[in-house]
Amino acid sequence: MPARRPPRSSNRTDGRKSVKILAPGSVPARRIVAVIGLTALGVVVVIGGIVWERDRPRRLLDAAEAATLARDWPSAATLWNRINQTRAANARTLLAEASAELAIDRGADADRALERASTADPGRAEAWRARLDRFRVLDQPVEALKLLRRAETSVAPAEFRPILASATLAALAELPDDEARERLDRWIKADPNDFDARVAWLDRVAANPHPGDPDRATRIRELTAILDRDPNQIAARETLLVALADAGEPEKGRTVLAAWPEASRDARYFRLRARWDLEYDHQPEQAVVAYTEALNEIPHDWTSHYGLARAYRALGRETESRNEANIVARLRERLAPATLAPRLTGDLAKLDDPRSSLDLAALCQSVGLTWLAESWAREARLRPSARGPLPTDR
């Protein structure tokens, strides 16, 4: 057998220059073929990746909807959350995530999804209403009324009634202690980092302690730790200040009060600022200013009216003091659960009847919530059967 010769190359002349043509079996030729093959493979991979990325939201959506249909709430919550981290997120997917989170008692995660949903589509009434229901469990009427004002400018009048009902309950009717504790316990167990729920639970412990509940010193330590972790946790700051006042530690409280974030100084801040002005700094004039500021936002808060009556008395302004004391008596009577619950229950069960909306308007007017009363009166006027003046409170 003749010896194998090395690969040959041939020269082709085009008149001015020659081009070397590699023989098919040469090493450089194999390299070129390999490069072409790798390039083709890369193109296939890139195209496949593009197709996969394009289809991924659809696949996630199919999986999330299947988990929701199967009532597999943990999987559904995870899948909807993954979708909502992509550009495919919208109000519908965010509401689906919130529903799944609520089904597994992750209240804080649900609230974050609801907040995003109300931003993505402010006209979706269900996002606002679900947040208001959470505020009622957390006993946060100030936050509820703020949220209602935002919703009022975004939701169509025809869809506003359920939101108005939820806000009225959150503002006026605190949940019974056992019902609220049961909801809060579930949220805390499902998510130990739900600090809003934990603070609300500690606040209820202070107001109505049960056997085995943490004592005041333990509550103060826990609230301080929460506030150290998140200085913008306004509910924790408010509850801690009340605990420090009750513990006879106004100087520690003064430091906590002074550190209240400027942008978050709402009625809760001014109510506590007034307490320190009146009880510890002996400056009733400043207390009058602070209590009045708080009552501009929450005029139905009888505790602020009571503090204002005391401040007027300290200033020798007896007429104003008596007026405030009369308001306290009226508010406590109107807002007493035994009086309030049947009226609210009856009216809210018959909201298709404009007379119920008008009665709720009269109730809100009687406790000083004038703008809420006006909202109920507008709601009644949306239905042609509503006629006549605003009823007086009975």
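The values are calculated or read from the model by the stated rules, or taken from the named source; none is laboratory data. Because the structure is a prediction, the values reported are computed rather than measured. No Cβ is skipped: glycine too gets one built from the backbone with ideal geometry, and neighbour counts run over all protein chains shown. SASA here: full protein model, heavy atoms, side chains in, ligands and nucleic acids out. Shrake-Rupley method; radii C 1.70, N 1.55, O 1.52, S 1.80 Å.
Here are some notes:
- Filtered residues of segment 92-107 (kept if over 16 Å from Thr68 (Cβ atoms) and either modelled with pLDDT under 95 or open to solvent by less than 10 Å² (accessible area, probe 1.4 Å) (or both)): Gly107
- Some residue of segment 54-71 being open to solvent by less than 80 Å² (accessible area, probe 1.4 Å) and closer than 18 Å to Ala190 by Cα: no
- Glu238 being more than 22 Å from Ala144 (Cα to Cα), acidic (Asp, Glu) and either in a loop (DSSP other than H, G, I, E, B) or in contact with a helix residue (DSSP H, G or I) (Cβ under 7 Å, 6 or more places away or on another chain) (or both): no
- Of all residues in segment 211-235, those satisfying the criterion of being outside any helix (DSSP H, G or I) and without any contact (Cβ under 8 Å) to a residue 24 or more places away in the chain are Pro211, Gly212, Asp213, Pro214, Asp215.
- Answer from Leu148, Leu169 - the residue that is within 29 Å of Thr339 (Cβ to Cβ), open to solvent by less than 10 Å² (accessible area, probe 1.4 Å), in contact (Cβ under 8 Å) with a residue 60 or more places away in the chain and of a type in the set (A, V, I, L, M): Leu148
- Taking the conditions (1) over 16 Å from Leu223 (Cα atoms); (2) open to solvent by less than 20 Å² (accessible area, probe 1.4 Å) in turn, Ala245 satisfies each one other than (1).
- Of the residues making up segment 326-347, those that are of a type outside the set (D, E, K, R), surrounded by fewer than 17 Cβ atoms within 10 Å (Cβ to Cβ) and assigned to a helix (DSSP H, G or I) number 9.
- Filter pass, Asn323 being outside any loop (DSSP other than H, G, I, E, B), under 17 Å from Ala267 (Cα atoms) and modelled with pLDDT of 95 or more: no
- Test: Thr93 is among the β-branched types (Val, Ile, Thr) and touching a residue at least 24 places away in the same chain (Cβ under 8 Å): yes
- Listed by position, the helices (runs of 4 or more DSSP H) inside segment 78-144 whose residues that are over 14 Å from the mean Cα position of the chain (by Cα) number at least 2 are 91-103.
- Filtered residue count, segment 177-191, keeping only those that are in contact (Cβ under 8 Å) with a residue 40 or more places away in the chain and either assigned to a loop (DSSP other than H, G, I, E, B) or open to solvent by 10 Å² or more (accessible area, probe 1.4 Å) (or both): 5
Residues are listed down the side, and each one gets a yes or a no for (1) modelled with pLDDT of 95 or more; (2) closer than 30 Å to Arg273 by Cβ:
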position	(1), (2)
Tyr312	yes, yes
Glu318	yes, yes
Ala338	no, no
Pro342	yes, no
Gly346	yes, no
Ser385	no, no
Gly388	no, no
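- All conditions in (1) open to solvent by less than 30 Å² (accessible area, probe 1.4 Å); (2) at pLDDT 95 or above; (3) not small (Gly, Ala, Ser) hold for Glu379, with the sole exception of (2).
- Boolean, Asn208 is among the polar types (S, T, N, Q) and within 16 Å of the chain's Cα centre (by Cα): no
- Within segment 355-369, being open to solvent by 10 Å² or more (accessible area, probe 1.4 Å) and part of a helix (DSSP H, G or I) holds for Arg355, Leu358, Asp359, Gln365, Ser366.
- Pairs where the first residue, in segment 302-328, is closer than 18 Å to Ser366 by Cα and the second is of a type in the set (Gly, Ala, Ser) and modelled with pLDDT of 95 or more, C-beta under 6 Å, 6+ apart: Ser304/Ala294; Glu324/Ala309; Ala325/Ala309
- Restricted to helices (runs of 4 or more DSSP H) entirely inside segment 265-318, those with at least 2 residues that are open to solvent by 60 Å² or more (accessible area, probe 1.4 Å) and among the aromatic types (Phe, Trp, Tyr) are 302-314.
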